[in-house]
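First comes the structure, then the notes that go with it.
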Amino acid sequence: MDVYLKQCTDYTNAEEVLFPLLEKYKSLFSKNDRVLVKPNMLSPNHVGSGITTNPKIVEIVLKFLLSLGTKPFVGDSPATGNAISVAKANGVYEICKELDIPIVELDDPVEVDGENFRGFKVSRKVLEADKIVNIAKLKTHVQMIMTLAVKNTFGCIVGKEKSAWHFRAKTNTNFANVLIDIHNIVNPTLNIIDGIEGMEGNGPANGKKKKFNVIGISENAYALDHAIIKSLGIKEKYVYIIKEAARRNLIPDYNLISNWNAPGIKLPLTTPIFETVTNITRVFERVPKINKDKCVECKICESRCPAEAINIDNDKYIDYSKCIRCYVCHEVCPQDAIKLVRKIF
């Protein structure tokens, strides 16, 4: 199992780095395969935000797939907005229009069981694709600490079912296993990480944009994610998905081919400071707090909160007795009006 992490400092140079890597995997695809290309299209953000997969990376992948005679289409189920609105905001729409590639909403749920959890509502368009190319973004994540290739397949769950799974999982460890189950169901053919620009701090949407200068690729997302965090010097035990994947023996032995000069990274404020005493960790966890001056009362946080703990009309109130610390509210707030503060319970 090979994992490639290649230095790439600018999107204008991305094709000369990524296309030769894609060529190594052309045998995975056959003529007329219907190939779902699944970028990170979290929410409607400008291409320069570092939040969503850069359109240049999507363009290179689509041109590669077209050169093989496949029939690619782009799809996602964003946390806010829809696939078309996000694609228009981040530049993917123009690429797809130019190449005559469909953009689809990952809707039409089919109920599928995972190894540990049952009843995932996965888009039929995912399950009926012949192959899947998973194009993730290198970012931090206030709940999972890092969001990479494995977590990117969470977008194959339809609509608000994503929020519902936060509530059903309750704990970060359980949610990591939810994500692993979903990834194994989706089972991408090829995994790519756009890390030329990404995010550090309190990502995945309201952190600080950062240049990581890397493109990663592998058939195996667990190996790819593991190689990324190891290269960044992040302890495995801090990244819930990697920790649980290792426990479940899902990270294969791999051969790392890398010329990446990995920079440092600032992790989220929610990174666990107590490694063994879970009750103490829970007591001192960060909680969301609404900045009432920045809040524009769009109510996206209220509608997406899986625990129904937020009431914007009632003086922007958060009921901490209901809050499960999933930080969905922080993730989806378009105004960065939700901060994460230490609260002792």
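The values are calculated or read from the model by the stated rules, or taken from the named source; none is laboratory data. Just so we're clear, the structure is a prediction, and the values are computed from it rather than from any experiment. Note: ideal-geometry Cβ built from the backbone for every residue, glycine included; neighbour counts use all protein chains shown. The protein model used for the area step is the full one, side chains on, heavy atoms only, and it has no ligands, DNA or RNA in it. Shrake-Rupley method; radii C 1.70, N 1.55, O 1.52, S 1.80 Å.
In what sequence, highest mean first, do 100-106, 255-261 appear when ranked by Cβ atoms within 10 angstrom? Could the numbers behind the result be given before it?
Numbers: 100-106: 16.0, 255-261: 14.0.
Peptide ranking by packing, descending: 100-106, 255-261.
In the chain, with Lys and Arg counted as +1 and Asp and Glu as -1 at Cβ, which of these residues, Ile251, Leu99, Asn13, has the Cα nearest the positive end of the dipole, that is, farthest along it?
My answer, from the dipole projection, is Ile251.
Decide, for region 34-148, between rounded, prolate and oblate: order the square roots of the alpha carbon gyration tensor eigenvalues as a ≥ b ≥ c, take rounded if a/c falls under 1.5, and otherwise choose prolate if a/b is larger than b/c, else oblate. Intermediate results must be reported in sequence, preceding the final value.
Details: a/c = 1.69, a/b = 1.14, b/c = 1.49.
Oblate is the answer for region 34-148, as a/c is 1.5 or above yet b/c matches or exceeds a/b.
Which entry is the computed Rg/Rh (Cα atoms, Kirkwood Rh) for this structure: [x] 1.29; [y] 1.02; [z] 0.95?
Comparing each candidate, only [z] matches the computed number.
Could you tell me the distance between the Cα centroids of region 196-265 and region 35-60, to the nearest Å?
Cα centroid to Cα centroid, the span is 18 Å.
Return the subset of Lys97/Lys209; Lys235/Lys266; Lys56/Lys230; Lys38/Lys243 for which the Cα-Cα distance in this structure is over 18 Å, preserving the input order. Please list the in-between numbers first.
On the way: Lys97/Lys209 28 Å; Lys235/Lys266 13 Å; Lys56/Lys230 26 Å; Lys38/Lys243 24 Å.
Violating the 18 Å limit, Cα to Cα: Lys97/Lys209; Lys56/Lys230; Lys38/Lys243.
How would you rank 317-323, 182-188, highest first, on the average number of other Cβ atoms within 10 Å across their residues? Mind dumping the intermediate values first?
Values: 317-323: 14.3, 182-188: 21.1.
The packing order, highest mean first, is 182-188, 317-323.
Placing unit charges on C-beta atoms (Lys and Arg positive, Asp and Glu negative, everything else neutral), compute the dipole magnitude of region 87-147 about its Cα centre in debye, rounded to 20.
Working: 9 positive and 11 negative charges, 62 e Å.
Dipole size: approximately 300 debye.
Which whole number of Å³ per residue matches the convex hull of the alpha-carbon atoms in region 120-236?
Numbers: hull volume 11.7 nm³, N = 117.
Given the Cα convex hull of region 120-236, per-residue volume reads 100 Å³.
Give, rounded to the nearest 20 debye, the magnitude of the charge dipole that the chain has about its Cα centre when Lys and Arg contribute +1 at Cβ and Asp and Glu contribute -1 at Cβ. Numbers along the way, then the final one.
Numbers: 47 positive and 40 negative charges, 193 e Å.
Dipole of the chain, to the nearest 20 debye: 920 debye.
Given a 1.4 Å probe and every protein chain left where it sits, what share in percent of the accessible area of region 227-268 is carbon and sulfur? List each step's numbers first, then the result.
Details: 980 of 2250 Å².
Summing carbon and sulfur atoms, their accessible area is 44 percent of the total for region 227-268.
Could you size up the charge dipole of region 123-178 around its Cα centre, putting +1 on the beta carbon of Lys and Arg and -1 on that of Asp and Glu, and report it in debye to the nearest 20? Please report the intermediate quantities before stating the final value.
Working: 10 positive and 3 negative charges, 31 e Å.
The dipole magnitude comes to about 140 debye.
Hey, if you put +1 on the Cβ of every Lys and Arg and -1 on every Asp and Glu Cβ in region 26-178, which of Thr80, Thr52, Met144 ends up farthest toward the positive end of that dipole?
Met144
Can you find, among Pro334, Ala223, Ser321, the residue farthest towards the positive end of the dipole of region 194-345? Put +1 on the C-beta of Lys and Arg, -1 on that of Asp and Glu.
It is Ser321, whose Cα lies furthest towards the positive end.
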